[in-house]
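The structure appears right after this line, and notes come after that.
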Amino acid sequence: MTEKIEKSGSQSERDGVQSYRGKAEYRNSDFGRFCDLSTFPFTRFTHSVTQSNQQGSSETKTTHFGFQTVPEEAKESLVKNVFSSVASSYDVMNDAMSLGVHRLWKDDYVSSLRPGRKGPLRCIDLAGGTGDIALRILDYARENYADRETSVDVVDINAEMLKEGYKRFKKTMYHNTPQVRFIESNAQALPEEQFPSNTYDLYTIAFGIRNCTSIPDVLKEAYRVLKPGGTFACLEFSKVNNPLLNMLYDQWSFSVIPIMGTVLAGDRDSYQYLVESIRKFPSQPEFAQMIADAGFATGGLHEGKGGAWRDLWGGIASVHTGVKV
């Protein structure tokens, strides 16, 4: 049975409140509520970003959705539909698309951050629905530093992805502990009441920022919620620099991956979008400059030691870091 949520507040606030299947109650905000489901409890906070930003303007702003040009206010729902469609097969498809290499990249990414080395951390993992980065953070801190106090808030805009992460954590020692929470919210507009400024020691986002409508808004929010001295770390697909490797990568991406999406997930279009979204993401220097423009201290605008990013496998993926000053 679908329960209606009583609508209150201004029109823009009401736009942020959505109905949900199950038992629900308000939690101190017109933007969000706590959903108390016997199988999947999580906190939901939504915020209509693009609509409110465009009020008072007759000009329709556009952005990319893969290789398509769409109105900004449409992209969020289009991306939600993609990840709702692929959620249950997401990990299987990642293994197939990367031949398992994504697991090595994620291991390298988390181990380079060394969570727990200087004591317990409060972490936030954006676009982290399936929980694989959060689990790596908690395992690394526990196994290397006997740290059982580091915690991770797993935040995603898509409830289906969060359900997959919640199911994964039910099989671990962290289930029903203060070390992990699952929260549905928009990385571009994290509600202040749920995500106060200067709260987190570590902000991670892996293979997610390219799907956001406004990367600068995501970076602005990342800077806000981090404590001074806190670390922003992003793992994302990037630009391949070697021409031969780039040619082979393009062949694999555009010829093989959509077919895999059809065979393994029954969804060619979603995986076609994911491939296209990688090509639309800024280059390593461009993204590094965006991080610096958000206020973060980064290395030099180059790759490698002392640089703002580190390439993995010739730039197929890159790790970007910055520190809040």
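The values are calculated or read from the model by the stated rules, or taken from the named source; none is laboratory data. Quantities reported herein were computed from a predicted structural model and do not represent experimental measurements. All Cβ positions, glycine included, derive from the backbone under ideal geometry; neighbour counts span all protein chains shown. Surface accessibility is based on the protein's heavy atoms, side chains included, excluding ligands, DNA and RNA. Shrake-Rupley method; radii C 1.70, N 1.55, O 1.52, S 1.80 Å.
For the reader, a short list of remarks on this structure follows.
- Taking each residue of region 309-321 that is more than 17 Å from residue 232 (Cα to Cα) and looking for partners that are among the β-branched types (Val, Ile, Thr) with beta-carbon atoms closer than 6 Å, six or more apart or interchain, yields 314/240; 315/240; 316/240.
- Scope region 278-322; condition polar (S, T, N, Q) and crowded, with 19+ Cβ neighbours inside 10 Å; matching residues: 284, 318, 321
- Every condition in (1) closer than 16 Å to residue 231 by Cβ; (2) free of Cβ contacts under 8 Å to residues at least 12 places away in the same chain holds for residue 124 except the one numbered (2).
- Residues of region 127-150 satisfying the condition of being touching a residue at least 12 places away in the same chain (Cβ under 8 Å) and out of contact with any helix residue (DSSP H, G or I) (no Cβ under 8 Å at 6 or more places or on another chain): 138, 141, 142, 144, 145, 149
- Residue 115 satisfies every condition listed in (1) assigned to a loop (DSSP other than H, G, I, E, B); (2) surrounded by fewer than 21 Cβ atoms within 10 Å (Cβ to Cβ) except (2).
- Given (1) without any contact (Cβ under 8 Å) to a residue 40 or more places away in the chain; (2) over 23 Å from residue 78 (Cβ atoms), number of the condition residue 221 does not satisfy: (2)
- Leading residue by the ranking (nearest to residue 319 (Cα to Cα)) among those in region 133-159 that are touching a Gly at 6+ places or on another chain (Cβ under 7 Å) and among the aliphatic types (A, V, I, L, M): 134
- Qualifying residue in region 158-165 (condition: on the phi < 0 side of the Ramachandran plot, over 14 Å from the mean Cα position of the chain (by Cα) and of a type in the set (Gly, Ala, Ser)): no
- The number of residues in region 63-79 being part of a helix (DSSP H, G or I) and open to solvent by less than 40 Å² (accessible area, probe 1.4 Å) comes to 3.
- Screening the candidates 248, 274, 264, 244 for the property of being more than 19 Å from the chain's Cα centre (by Cα) and modelled with pLDDT under 90 yields one hit, 264.
- Just one of the listed residues (147, 107, 139, 125) is modelled with pLDDT of 95 or more and buried (at least 21 other Cβ atoms within 10 Å of the Cβ), namely 125.
- Just one of the listed residues (286, 276) is acidic (Asp, Glu), free of Cβ contacts under 8 Å to residues at least 60 places away in the same chain and part of a helix (DSSP H, G or I), namely 286.
- Filter result (open to solvent by 10 Å² or more (accessible area, probe 1.4 Å) and not basic (Lys, Arg)) within region 225-237: 228, 229, 231, 237
- Filter pass, residue 171 being among the basic types (Lys, Arg) and without any contact (Cβ under 8 Å) to a residue 12 or more places away in the chain: yes
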